[in-house]
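This report refers to the structure that appears directly beneath it.
The values are calculated or read from the model by the stated rules, or taken from the named source; none is laboratory data. As the structure is a computational prediction, the values presented were derived from the model and not from experiment. Note: ideal-geometry Cβ built from the backbone for every residue, glycine included; neighbour counts use all protein chains shown. In case anyone asks, the SASA skips ligands and DNA or RNA and just uses the protein heavy atoms, side chains included. Shrake-Rupley method; radii C 1.70, N 1.55, O 1.52, S 1.80 Å.
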Amino acid sequence: MAGPDDVHRSSTLLPGERLGLGLDDRSDEFARMLLAPPLDGIRPAGHDWLRERYAEIVPVVLPAALHAVEHGTPVDSEALSALRALAADRATDPRVDVAVALRGAVPALRVFTLVMRTATQEHPGRAMLAMGRASLVAHELGTCWFEAWAQQRRRTPGIDDTDTDVELVAAVPGLDETEEQMLALAAQGLSNDAIAKETAYSRQAVAWHLGRLMRACGAPNRTALVSVAFVRGWLRSRSGRHGDTP
């Protein structure tokens, strides 16, 4: 069991320092779960497509992703290049569903959360740091895949660019309409200044509201907040092609 010194030290681990959870050696465990991911909240019509994408992606990026979380380092550039290539190869798949593609990282985050609940029982102070790092890595991988996929679609003749025109909407118990809008805009990558212009609030007010949400969710940063919101089903996607929500 961890002693007081270990718990105190875990709360102050710096980026680039090992978590000490042995994630580098747990690829097989994660792979088994990711190849049969929990797909709650994902459109049933997209389940087979998403399982196929996980079967392609997991062997390519999982070791690099776990290493990045364990060590607090960027995901290996070769793994990211391979991920972009896989995404580009699937850009013309007629079965694609933009809403499913956008939420593709959510099952992976659910798996990681489940495993971390067990892995950090003896090191509770490391749980938040582990999830913060995992959120950043999942966001990086998901964004990398989606951007490469969307870019290739725009280059492909006969594919309407509006297929990748996606709007995020938020529905969160206890939040008013303005805070839901701020969360959705943050998930789309807008800065506090841009969110302020969209909502007619000051930049300081936006920072205060998002900070309140991060504290309420135990999220160490905006990326983690967005990941938590996706996992809990608070964020949904609405695309120009489908015109509905998942």
Arrange the residues 57, 42 by how much accessible surface each exposes, largest first, with a 1.4 angstrom probe. 57, 42
Roughly how many nanometres apart are two label points built 7 Å out from the Cα toward the Cβ at residue 169 and residue 202? 3.2 nm
Using mean Cβ contacts within 10 Å as the protection proxy, how do 27-37, 105-115 order, highest first? 105-115, 27-37
Electrostatic dipole magnitude of the range 68-110 [Cβ: Lys, Arg +1; Asp, Glu -1; Cα centre; debye, to 20]: 220 debye
Residue by residue, what Karplus-based ³J(HN,Hα) values in Hz, rounded to whole numbers, does the range 207-212 have, using 6.51, -1.76 and 1.60 with θ = phi - 60° and x for Gly and Pro? 4, 5, 5, 5, x, 4
